[in-house]
Amino acid sequence: MSLSIVTFANLGKKRNLKTSDIEPVVEVFEKHKELNQIICQITKDFHFQNTQSAVPKIIRYTIRVFEKVFRIPVSRNMVEKLFDFFAALKLKKSEIVFFHPAMFIKTMKVAKKLGSTTVGIAAAAHPLFTKELYAEELKVLGLKQEPYAEASEDKLVVNTFDYIVAMSEFVQSTYERSGFPKDKIFVAYPDSDIKRFTPASSETKDSFRIIYVAYTQPLKGLGYLLDAWESLNLNDIELVIVGGFSLMPDELRKNYTQRINSDSRITWVQDTQTPEVYYRDASVFVLPSLTEGFPRVTLEAMACGLPVITTENARGIVEDGKTGFIVPIRDAGAIKEKIEYLYNNRDVARQMGIDARRAIENKRPFGEAVYEIYQEIINREHTV
C-alpha cells in the first residue's frame, strides 16, 4: 500500500504549531516503508526525500515583501487557499491520503478523482458545531454577533472525507452530532514533548499559583476563570496568564485587559518561547475552554506534573478526580470550588500532578495509533 500526507505543517529546519502533531505520523509510516509523498507548507532539509512545499518559493517571498512594504498581513484564510490550490496540483496517486488538518477542498477533490481513500485528521470540533457555539457564546456575553472566521464553507470539506481521525472523544462527538458516520471516526491522542516539558526538580513553591495558557479568543473561556479568580478569598495566591489575544471582539478584549491589569496578583506574560518555565512554577493548570480538539497546553501542563481543571469539552485524557477535575462549561462557581479544594489539599494536588505526568508517559504514541487506524482502513477498503 502507499500513503500520501497533505499537511499544513512545516517540516525539517522550519517548524510551526502543526509540526509536532504530524512528525510522529511521518516517522512511523516512513519506518514501515509505506510513505509515498508529503506535501507540507514549507520544507527545509527534511529527512523524507519526497517532501514538497506546496506554495512555490517565489510566491511565498512575494507575499512576505507585500506584507513588509504595505504592513498588511495576508489573512490565514488566503494562505490556506493558496496552499490548497498548489497542493492540488502536486498531489500524486496513492491508495490513501491523510489530510492534516481535515480541510483543503481542492486537494480533496483531486484525491477523490485519483481514486484515493481520504482520511482527515481533525484537531478541532466540527466547524458547524464551533460556529453555533461561537454565536451562542457571543449571545451569553451580550456581544454583537459576528461571523466566525474558522467556519467558512470551505471548511465543510470535512463532511466529504471517507474517514476522520479525531484527536479526542469530544471531537468525535461533534462529528457524530453533525451527521458524520460513527463507524468511520477513529480517535487518537496527540503527543507531548516529555523531554522538554518536565516537572519541577524540587518543591520550591512558596505560594499557590494558578496558570492559564492560551491565545485567547471568546471560546477559550478566560472570563469564567477571571470570574472564579475574583471571587476567591485565599491568602498567597497568584494567577499567571500566558499568551496574548487571538481573534477577539474589541469590547471583550478591553474587558479582559482591564480586569487583568487592575489586579496586582495577576501576572500576564503575553509572549514566551519557554512556557515550561511557567508551568514548573505553578500549582494547578486551569483551562476553562468551551471547545478544544485536544489542547496542547493541557498535555504540556500534565507533562510538567500539574493537576488540571478543565471543562467537559476540553478534557482530553484528564481523568476526573485522578489527574484533575472536569467541570461544566461556563461554570465559574465550579472552577472556584476546585481551586479552593486543591489549595486546601496540597498533598492531593501533588499526587494528581504525579498521576498526570504518569498518564502522559503511558499514553499510546500518536504515530502508532494512527498507523493502527491506517491498517484498519486498509482492511475495510482494500481487502481482496
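The values are calculated or read from the model by the stated rules, or taken from the named source; none is laboratory data. All values derive from a computational prediction rather than experimental measurement. Ideal geometry is used to build each Cβ from the backbone, glycine not excepted, and the neighbour counts take in all protein chains shown.
Among the conditions (1) modelled with pLDDT of 95 or more; (2) surrounded by fewer than 22 Cβ atoms within 10 Å (Cβ to Cβ), residue 120 misses just one, which is (2). Residue count for the stretch 355-369 under the criterion of being part of a helix (DSSP H, G or I) and touching a residue at least 60 places away in the same chain (Cβ under 8 Å): the result is 7.
If only one of 249, 288, 275 is over 21 Å from residue 336 (Cβ atoms), buried (at least 17 other Cβ atoms within 10 Å of the Cβ) and either modelled with pLDDT under 95 or in contact with a strand residue (DSSP E or B) (Cβ under 9 Å, 6 or more places away or on another chain) (or both), which one is it? Walk me through it before giving the result.
Working: 249 fails: buried (at least 17 other Cβ atoms within 10 Å of the Cβ); 288 fails: over 21 Å from residue 336 (Cβ atoms).
Step by step, each of 249, 288, 275 is checked, and only 275 is over 21 Å from residue 336 (Cβ atoms), buried (at least 17 other Cβ atoms within 10 Å of the Cβ) and either modelled with pLDDT under 95 or in contact with a strand residue (DSSP E or B) (Cβ under 9 Å, 6 or more places away or on another chain) (or both).
Just one of the listed residues (110, 97) is modelled with pLDDT of 95 or more, part of a strand (DSSP E or B) and more than 20 Å from the chain's Cα centre (by Cα), and it is 97. Within the stretch 233-263, which residues are under 19 Å from residue 279 (Cβ atoms), without any contact (Cβ under 8 Å) to a residue 40 or more places away in the chain and in a strand (DSSP E or B)? Across the stretch 233-263, the qualifying residues are 238, 239, 241, 242. Within the stretch 53-90, being surrounded by 18 or more Cβ atoms within 10 Å (Cβ to Cβ) and not hydrophobic (A, V, I, L, M, F, W, C) holds for 53, 80, 84. When 298, 267 are checked against the criterion of being touching a Leu at 6+ places or on another chain (Cβ under 9 Å), of a type in the set (Val, Ile, Thr) and either farther than 15 Å from residue 238 by Cβ or modelled with pLDDT under 95 (or both), a single residue qualifies: 298. When restricted to residues that are at pLDDT 90 or above, surrounded by fewer than 21 Cβ atoms within 10 Å (Cβ to Cβ) and assigned to a loop (DSSP other than H, G, I, E, B), the stretch 144-177 contains 1.
Does any residue of the stretch 328-342 turn out to be surrounded by fewer than 18 Cβ atoms within 10 Å (Cβ to Cβ), under 21 Å from residue 267 (Cβ atoms) and out of contact with any strand residue (DSSP E or B) (no Cβ under 6 Å at 6 or more places or on another chain)? Yes; the residues of the stretch 328-342 include at least one that is surrounded by fewer than 18 Cβ atoms within 10 Å (Cβ to Cβ), under 21 Å from residue 267 (Cβ atoms) and out of contact with any strand residue (DSSP E or B) (no Cβ under 6 Å at 6 or more places or on another chain). Each residue in the stretch 41-53 was checked for being at pLDDT below 95 and of a type in the set (Gly, Ala, Ser), and 0 of them qualify. Pairs are defined by a Cβ separation below 7 Å, a sequence spacing of at least 6 or placement on different chains, a first member in the stretch 9-29 that is under 22 Å from residue 84 (Cβ atoms), and a second member that is surrounded by fewer than 16 Cβ atoms within 10 Å (Cβ to Cβ); the pairs so defined are 9/16; 10/16; 12/44; 12/45; 14/44. Only one of (1) within 24 Å of residue 16 (Cβ to Cβ); (2) more than 23 Å from the chain's Cα centre (by Cα); (3) not hydroxyl-bearing (Ser, Thr, Tyr) is not met by residue 144, so which one is it? Of (1) within 24 Å of residue 16 (Cβ to Cβ); (2) more than 23 Å from the chain's Cα centre (by Cα); (3) not hydroxyl-bearing (Ser, Thr, Tyr), only one is false for residue 144: (1). Taking the stretch 113-143 as the range and being in contact with a helix residue (DSSP H, G or I) (Cβ under 8 Å, 6 or more places away or on another chain), among the hydrophobic types (A, V, I, L, M, F, W, C) and in a loop (DSSP other than H, G, I, E, B) as the test, the residues that pass are 123, 124, 125, 141, 143.
Answer yes or no as to whether residue 282 is assigned by TED's automatic domain parsing to the domain that holds residue 322, in contact with a Pro (Cβ under 9 Å, 6 or more places away or on another chain) and buried (at least 16 other Cβ atoms within 10 Å of the Cβ).
no
So in the stretch 1-45, with the set limited to residues that are of a type in the set (S, T, N, Q) and within 20 Å of residue 56 (Cβ to Cβ), which one is farthest from the chain's Cα centre (by Cα)? Spell out the reasoning first.
The first filter runs over the stretch 1-45 and keeps only residues of a type in the set (S, T, N, Q), leaving 2, 4, 7, 10, 16, 19-20, 36-37, 41, 43.
Filter once more, keeping what is within 20 Å of residue 56 (Cβ to Cβ): 4, 7, 10, 16, 37, 41, 43.
Numbers: 4: 23, 7: 15, 10: 16, 16: 12, 37: 25, 41: 18, 43: 22 Å.
So the residue we want is 37.
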